[in-house]
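What follows is a single structure, written as structure tokens, with notes after it.
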Amino acid sequence: MSELLLREQYRGRLNREDAAETLAALSERAEALVRQGRLMTAAMYRYGRQLFLYMEAIGEPFDQETLAAGFEDDLAAWPEKEETRHWAKMYPVFWHQEPLNAEDWRRKTRPQARRGRIAYLRGESLFEYVYHHYALTREGLHRGDRYMFISLHEDVLFSYFEEPRTADNIRRTVEGESAALKDWLAVDPDSHFIHLPGSGGRNFLLLPEVFAFGQDG
């Protein structure tokens, strides 16, 4: 029986702009974890001092603080209940497909690109966005990239996806029209977003890659 595959996303923040050595060391550590088989995919993207991390853990949850060990002075500490963490957990709000297990999720070919992008939500629209995307996920009919995953922390969305994109949905069927998608389109999706500089008016801004590794090569 194939092992579990767990997807998680985290947000970090550098304490200084000039952090090339730290990012290079984090990249080496992430690549080693993929080679060791602890992670199927590990990817990180940067927006100013903000870092956005996507991970696919094989078999059991992965302690993201492992990536921060030795670099605590370079990464900001986020409050988390009675503790602080260097990687703030982002909460999944939307995806097109769910892994049955690690073997089901393994890529048959290496993707041409692993992408990361972010969006800022308007405060008054945040919960409406979450409401509609929870409905889309529960319904499971909306088709899109199999590996796309969107999570939220504060008012910031982080979206991971791969190219070329693959058409799939949670129900794994091509039949059925999405009523939840009609409901989402009816509330003017663009009005929920603060368009970031450099986005060209699009809701999400593509980010530069810090690293992106996968077991597929």
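For the range 48-73, filtering for residues that are modelled with pLDDT of 95 or more, surrounded by 19 or more Cβ atoms within 10 Å (Cβ to Cβ) and not β-branched (Val, Ile, Thr) leaves 7. Within the range 167-206, the set of residues being of a type in the set (Lys, Arg) and either buried (at least 17 other Cβ atoms within 10 Å of the Cβ) or part of a loop (DSSP other than H, G, I, E, B) (or both) comprises Arg171, Arg172, Arg202.
With respect to the stated conditions, Arg110 is charged (D, E, K, R), assigned to a loop (DSSP other than H, G, I, E, B) and touching an Asp or Glu at 6+ places or on another chain (Cβ under 6 Å).
Filter the range 79-92 for residues that are in contact (Cβ under 8 Å) with a residue 12 or more places away in the chain and in a strand (DSSP E or B) and give the result.
The answer is Arg85, Ala88, Lys89, Tyr91, Pro92.
The values are calculated or read from the model by the stated rules, or taken from the named source; none is laboratory data. Computed from a predicted model, the values in this text were never measured in an experiment. Heads up, the Cβs are rebuilt from the backbone with ideal geometry, glycines too, and the neighbour counts pull from every protein chain shown.
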